[in-house]
Amino acid sequence: MAPCRSSTSVWSALLLAREARKMACSVVRSPVLRNPTVRHYAAAVAAQRSCAAAPETQVLSNKIAVATVDNNNPVTQVSIVFRAGSRNETYDTQGLVHHLRIATGLGTCNSSSFGIISTIQQLGGTITTTTDRESIAYTLQVTRNHLDKALPVLEQVATQQLFKPWEVSDQIPRLRYELSTIPETTRLMELLHKAAYQDGLGYSLYCPKRQLGKLNMESLQHFVNNWFTGSRCAVVATGVPLSDLSSFAASLKVGTEDKAAQAAKYHGGEMRKERTSELSSVAVAVEAIGFNDRKNALVCAILQRAVGSGPRVKWGAGVSPLHKAVSSAGSADQFAISAYNAVYSDSSLYGFVLSTVPSLAGSLTKAATAYLRSPQLSDADVARGKALLKAEIAFVADNDAATLENMGVQLLFMGKMYNTPKFIEEVDKITASEVKSVAAKIGGGKLSMAAIGDLATVPYIEELK
């Protein structure tokens, strides 16, 4: 039976339409459109934005960690980050985090989906959700003067989910669409993780097709109740005073249980997916060092850039040691290669990603694997790697979105915050001998391999030494 629409709702709709027309007329009469060059000398001078502001941190009584950089940015950002990702799924709940991501903005305990969307649009803000294998972040962006009205919406979206069965099922077409548009490079990375870890970190960021329609509201709510807890939560922000952010974080309704994730277990192995393609894409990696060994994780970051993380000039040729080592097996115009380093809390994958024409895939993969096993690095290579990493750290400080993400990672997985000068100082302390030592140590590890495309000449993992 179709629901009846009350006369009250009809009159409300008419009033809203009339107000919208009035607002439109006001915009047309606005002097901004008539005379855009007019100067309003009485306008107050905006506070200067400061990129050099140091992060402030605090751990609240509900175990939530809080960090903020109050840089006077007119657009504030607030992110609620939980240390829960696809590695926390089980075999029967694979794809659950993908469901959680696209469920952002659905009805909550206190608001409908329409209410959430219309409120955020009225305030001129956005709420986005990003996920990876170890975290899920709900991020609000809004102007400073509307922050107090937007924060309750962020709280509802991140901590007061109410997975209504009909809303969950309505998301299945969107899931199918996202699965059909995954880039080939992303599919390659998913295969590599599956080969390396099997379960846990091996579970995909995307929902397997066999799981579509199988995950219900109980599964989603159970995951949220178990993993969205205070000890696994961080609230980070830019452009917000610490006192305001702490008050907001203290009011969040999150669980108190301190649930530990299963330790990562590296297996090593091979995953191949043959497809009709003009290219062969191959990724080979070994297990490296996670955030739990902060210094050596930093060494691996330097190593990746010293070995070669792609050309630094658009459309330019690679001049890295890895590229030079592989060039002997094929023309530089026929392949692209980059070092790869995916870091997690207690493990990481270090290796290379290669894309080439099928006829050269075998020889190039063997040459790159040989270099991975015994890299030849000079002190100049290490110095260049350190310079690149320091530049990237400095670039992050100038990008609020990247700064926010970096703050969440540091707070959740390192337990403390490092400002930009301190971070650069840590990089400077790393010596060339330490980088070479770590490179030799991890290079002898068990291989994991993934390949996708035309695999006619791509060797099997047993053929790589």
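Descriptive notes on the structure:
- Of the peptides 380-389, 281-290, the ranking by mean beta-carbon count within 10 Å, highest at the top, reads 281-290, 380-389.
- Residues Ser169 and Ser112, FRET efficiency given R0 of 22 Å [Cβ-Cβ distance, rounded to 0.05]: 0.85
- For segment 82-151, the solvent-accessible area works out to 41 Å² per residue, with a probe of 1.4 Å and every protein chain left in place.
- Solvent-accessible area, 1.4 Å probe, carbon plus sulfur percent, for the chain: 56 percent
- Taking the centroid of alpha carbons for each part, segment 333-392 and segment 261-302 are 12 Å apart.
- Relative contact order (%) - criterion: Cα under 8 Å, at least six apart; region: segment 213-306: 23 percent
- The label point for Leu179 and the one for Ala250, both projected 7 Å from the Cα toward the Cβ, are 4.6 nm apart.
- Cα-based convex hull volume of the chain per residue, rounded to whole Å³: 196 Å³
- Length-normalised contact order for segment 269-463 - Cα pairs under 8 Å, 6+ apart - percent: 40 percent
- For the residue pairs Lys194/Lys295; Lys390/Lys436; Lys63/Lys436; Lys273/Lys465, alpha carbon separations beyond 30 Å are given by Lys63/Lys436.
- Summary of packing: across the peptides 127-138, 186-197, 202-213, the per-residue average of other C-beta atoms within 10 Å ranks them, highest first, as 186-197, 127-138, 202-213.
- Rounded accessible area per residue of segment 269-463, 1.4 Å, Å²: 45 Å²
- By the Stokes-Einstein formula, at 0.692 mPa s and 37 °C, segment 138-223 with its Kirkwood radius over alpha-carbon pairs has D equal to 208 µm²/s.
- Based on C-alpha pairs under 8 angstrom that are at least 6 apart in sequence, the chain has a relative contact order of 19 percent.
- Relative packing of 172-184, 294-306, 86-98, which averages over residues the other C-beta atoms within 10 Å, highest first: 294-306, 86-98, 172-184
- Rounded to the nearest 500, the 222 nm mean residue ellipticity of the chain from helices alone is -12500 deg cm²/dmol, with -39,500 (n - 2.57) taken per DSSP H run of at least 4 residues.
- DSSP-assigned coil residues among trypsin sites (Lys or Arg not before Pro) in segment 308-364, each with at most 16 further Cβ atoms within 10 Å: Arg312, Lys314
- Pair Lys149, Ala336: separation of 7 Å Cα→Cβ label points (nm): 4.5 nm
- Working note: Debye formula, equal point scatterers on the alpha-carbon atoms of segment 56-251, no solvent; log10 I(q)/I(0) at q = 0.09, 0.14, 0.19 Å⁻¹ is -0.35, -0.84, -1.33.
- Length released on extending from Ala263 to Asn72, taking residue separation times 0.36 nm less the Cα-Cα span: 64.7 nm
- Legend: calculated FRET efficiency, Gln122 to Lys416, from the Cβ-Cβ distance at R0 = 45 Å, rounded to 0.05, equals 0.75.
- Segment 109-150 and segment 179-254 have Cα centres lying 17 Å from one another.
The values are calculated or read from the model by the stated rules, or taken from the named source; none is laboratory data. Not measured: the values here are computed from a predicted model. Cβ atoms come from the backbone with ideal geometry, glycine included; neighbour counts cover every protein chain shown. To get the accessible areas, we keep the full protein, side chains included, count just its heavy atoms, and leave off ligands, DNA and RNA. Shrake-Rupley method; radii C 1.70, N 1.55, O 1.52, S 1.80 Å.
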